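Working notes, beginning with the structure itself.
The values are calculated or read from the model by the stated rules, or taken from the named source; none is laboratory data. Since the model is a prediction, treat every value here as computed from it, not as a measurement. Note: ideal-geometry Cβ built from the backbone for every residue, glycine included; neighbour counts use all protein chains shown. Heavy atoms of the whole protein, side chains included, go into the accessibility calculation; ligands, DNA and RNA do not. Shrake-Rupley method; radii C 1.70, N 1.55, O 1.52, S 1.80 Å.
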Amino acid sequence: AMRKALRIASERNENLNIFMRNFAELAKLSPANKQQEDLCPLMENVISLMQVFAERAHVRFTADLPSSAYFIHADAQQIEQVLLNITKNAIEAVDGSGLVHFRLDATAHILSISDSGRGIPAGVQDQLFNPFFSTKKDGQGVGLTVDREILLSHGFDFSLGSQQFSDERRQLQTSFVIKLKP
């Protein structure tokens, strides 16, 4: 029985290795085509693209963006993909009526997307960027892994934190914070 169990475990492991290799191929990002990009219109684009999903989920968007251009050296498509994914996650995290707040602090070079959802369960925080880890019942655990790769390839530090902070009477729970390099 022990030998049979070991054989099954070994076969499962081999299948997982094949799966991981295939996935790695799939997730290989095309090299970033970095240019000077104004982050403000990029964010406005993401906000308007996701507005429909937000309204359907009874989520309100608020934004605090600089009035002048804010340039970063980045691949616009890749950064847009990251922002869309973070926004989608934030909308899903709210789960009922609530708020997603976008903030670009040009002085501190920080972009944050915060939501008024339930926050991140204790013990989950460290696993969020692991491939195939998901808190969603039908999640693939791929989104944040790809986000992480893109942000790292741009040299942008980031964190996904859960803390209660009040921003002008609004209770926000979770914040995805990206430290930008202008």
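If I filter region 71-82 for residues that are of a type in the set (Asp, Glu), open to solvent by less than 30 Å² (accessible area, probe 1.4 Å) and closer than 18 Å to Leu180 by Cα, do I get at least one hit?
Residues of region 71-82 that are of a type in the set (Asp, Glu), as a first pass: 75, 80.
Filter once more, so that each one left must be open to solvent by less than 30 Å² (accessible area, probe 1.4 Å): 75.
Add one more test, that the residue is closer than 18 Å to Leu180 by Cα, and what stays is 75.
Looking through region 71-82, at least one residue is of a type in the set (Asp, Glu), open to solvent by less than 30 Å² (accessible area, probe 1.4 Å) and closer than 18 Å to Leu180 by Cα.
Quick check on region 83-110: of everything there that is outside any helix (DSSP H, G or I) and acidic (Asp, Glu), which residue is least open to solvent (accessible area, probe 1.4 Å)?
Initial filter on region 83-110 (outside any helix (DSSP H, G or I)): 95-110.
Then drop every residue that is not acidic (Asp, Glu), which leaves 95, 105.
Working: Asp95: 110, Asp105: 38 Å².
Restricting to residues being outside any helix (DSSP H, G or I) and acidic (Asp, Glu), the top hit is Asp105.
For region 66-102, filtered to residues that are touching a residue at least 60 places away in the same chain (Cβ under 8 Å) and in contact with a Ser or Thr (Cβ under 7 Å, 6 or more places away or on another chain), the residue that is farthest from Pro41 (Cα to Cα) is Ala93.
A count restricted to region 49-70 and to residues that are open to solvent by less than 30 Å² (accessible area, probe 1.4 Å) and part of a helix (DSSP H, G or I) stands at 2. May I ask you to say which residue of Lys179, Lys137 is surrounded by fewer than 16 Cβ atoms within 10 Å (Cβ to Cβ) and either aromatic (Phe, Trp, Tyr) or modelled with pLDDT under 85 (or both)? Exactly one of Lys179, Lys137 is surrounded by fewer than 16 Cβ atoms within 10 Å (Cβ to Cβ) and either aromatic (Phe, Trp, Tyr) or modelled with pLDDT under 85 (or both), namely Lys137. Going by the structure shown, is Ser114 of a type in the set (S, T, N, Q), surrounded by 16 or more Cβ atoms within 10 Å (Cβ to Cβ), at pLDDT below 95 and not in a helix (DSSP H, G or I)? When the stated conditions are applied, Ser114 passes them.
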